[in-house]
Structure formats: structure tokens, C-alpha cells
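Engineer: I am attaching a structure below and will ask some questions about it afterwards.
The values are calculated or read from the model by the stated rules, or taken from the named source; none is laboratory data. This one's a predicted model, so the numbers in the text were calculated from it and none came from an experiment. When we count neighbours, we look across all protein chains shown, and the Cβ atoms used for this are built from the backbone with ideal geometry, even at glycine. With ligands, DNA and RNA removed, areas are computed over all heavy atoms of the protein, side chains included. Shrake-Rupley method; radii C 1.70, N 1.55, O 1.52, S 1.80 Å.
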Amino acid sequence: YDKNVKLEIDNSEVNLDQAGDYTVTYSAVDEAGNEASVSTVIHVNKPTAKTATEETINAAADKILASILTDGMSLYEKAEAIYWWCHDKIGYVDGASKDSYVEGAYQGLVEHRGDCYTYAMSAKCLLTRAGIPNMDIEKIRVGNTMHFWNLIDVGDGWYHFDTARRADGTTFFYKTDAELMAYSETHYGSHNYDRSLYPPIN
């Protein structure tokens, strides 16, 4: 007959960071000393790109940054460290999902594989968490052909920042517009973009 019986929940066994089955016990005691308890099993599934949250990718990014950045680094030096982590640690595979920023970043930061969208979204997350101004940029689509990369500003204007691996081994860290367009013009318009959508790029 008690109106406000306190419910005790023992979830001490549950680890939300580790996939598995965990027991949770609910118990209560009324004013007359009557006791009741029931246990249930909580299933914790391994996170996936589809179920990842922004908190998940931010935590992954912070862990990576802690391993590659040091005190006293300039924004340029931080950007360079981020560039090479993305370029070297993410393996290129065709056809990765392009449904959301979070999904793309998770594929790169946690699963370490994906396509140009994965590289760009992983870089975006790392750059943002490191305090480096950045923007997404996209190639003008030709049929089903698309390409994504980033712009960064470490204090002296916008530069191109494309961490995706290319078959010819060319890298694009802190490239001027003239440098990137010179490459694009000899590689089937690989980086043609609509200039009306972006700020002036050095």
C-alpha cells in the first residue's frame, strides 16, 4: 500500500563500452519490510557506424589527438600531424557510406577504412576537436563521380587539405588553389569545385 517505495537498481556489472550481456537487478522494500527483486539481462552491442553518435566520434578523435599532438604545437603543426594520421592510418576502400558526418568519421577514426568522404569527415572531426578552423569542400559531380576534401585556415587564409590516398601517391597538405588546380587539370578534373560556394582560397 506504500505510495512511494524506493526502487534500488544494481547495474554495477554493466559496461557500456564493452559489448556483452550484463545482469541488472531491481529491488525494493516497503514500510512493512516486504522485499521484492527481479533481475534482467542487458545486451550491449558493439557500436557500428550506423549507431555511432557524435559523442562516440569525439571520444575517438580526442584519443587520437592525445597520441599525435604535443604541447606547444602551432595550428599548422597540429594540422600536419592530423593530415598524416588520416592519410596513413585510414585504408582506402570504395563505396563507403556517405549518409552522415558522424558515420563517415566513425568509419575512419574507429574502423580505419573508407573512401574520400570517410577521409574528409575523419579529418573534419580531428581538426574541429583540435581547434583548427575547417570547411567541407566537394567536387562538382559528373554523373556518379564525386570527391570530398577539406579546407583549413591556420591563421593565414584558406588552403586545401585532402587526406585521401591517391593511386599515384600525390598528397595534398596545405595546397594553394593554383597547386591543386594544376593537378586537377591533368587528372580529369579531380578537384573542380564551384567557387561561388566557398571563400577565396590562397
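Engineer: Would you point out the residue of region 15-48, among those that are assigned to a loop (DSSP other than H, G, I, E, B), open to solvent by less than 60 Å² (accessible area, probe 1.4 Å) and modelled with pLDDT of 85 or more, that is nearest to Ala96 (Cα to Cα)?
Structural biologist: Looking at the filtered set, the residue picked out is Asp30.
Engineer: Going through region 145-202 one residue at a time, which ones are in contact with a Leu (Cβ under 9 Å, 6 or more places away or on another chain) and either among the aliphatic types (A, V, I, L, M) or modelled with pLDDT under 95 (or both)?
Structural biologist: Correct list: Ile152, Val154, Ile201.
Engineer: Anything in region 70-106 that is within 14 Å of Ile57 (Cα to Cα), touching a residue at least 12 places away in the same chain (Cβ under 8 Å) and either of a type in the set (Gly, Ala, Ser) or touching an Asp or Glu at 6+ places or on another chain (Cβ under 9 Å) (or both)? List them, or say none.
Structural biologist: Matches in region 70-106: Tyr101, Val102, Gly104, Ala105.
Engineer: Can you tell me how many residues within region 116-136 are in contact with a Pro (Cβ under 9 Å, 6 or more places away or on another chain) and either of a type in the set (Asp, Glu) or in contact (Cβ under 8 Å) with a residue 60 or more places away in the chain (or both)? Steps first, please.
Structural biologist: Within region 116-136, the subset in contact with a Pro (Cβ under 9 Å, 6 or more places away or on another chain) is 127, 135.
Those left that are additionally either of a type in the set (Asp, Glu) or in contact (Cβ under 8 Å) with a residue 60 or more places away in the chain (or both): 135.
Counting residues in region 116-136 that are in contact with a Pro (Cβ under 9 Å, 6 or more places away or on another chain) and either of a type in the set (Asp, Glu) or in contact (Cβ under 8 Å) with a residue 60 or more places away in the chain (or both) gives 1.
Engineer: Does Ala49 count as within 17 Å of the chain's Cα centre (by Cα) and among the hydrophobic types (A, V, I, L, M, F, W, C)?
Structural biologist: On the way: within 17 Å of the chain's Cα centre (by Cα): yes; among the hydrophobic types (A, V, I, L, M, F, W, C): yes.
Yes: the conditions hold for Ala49.
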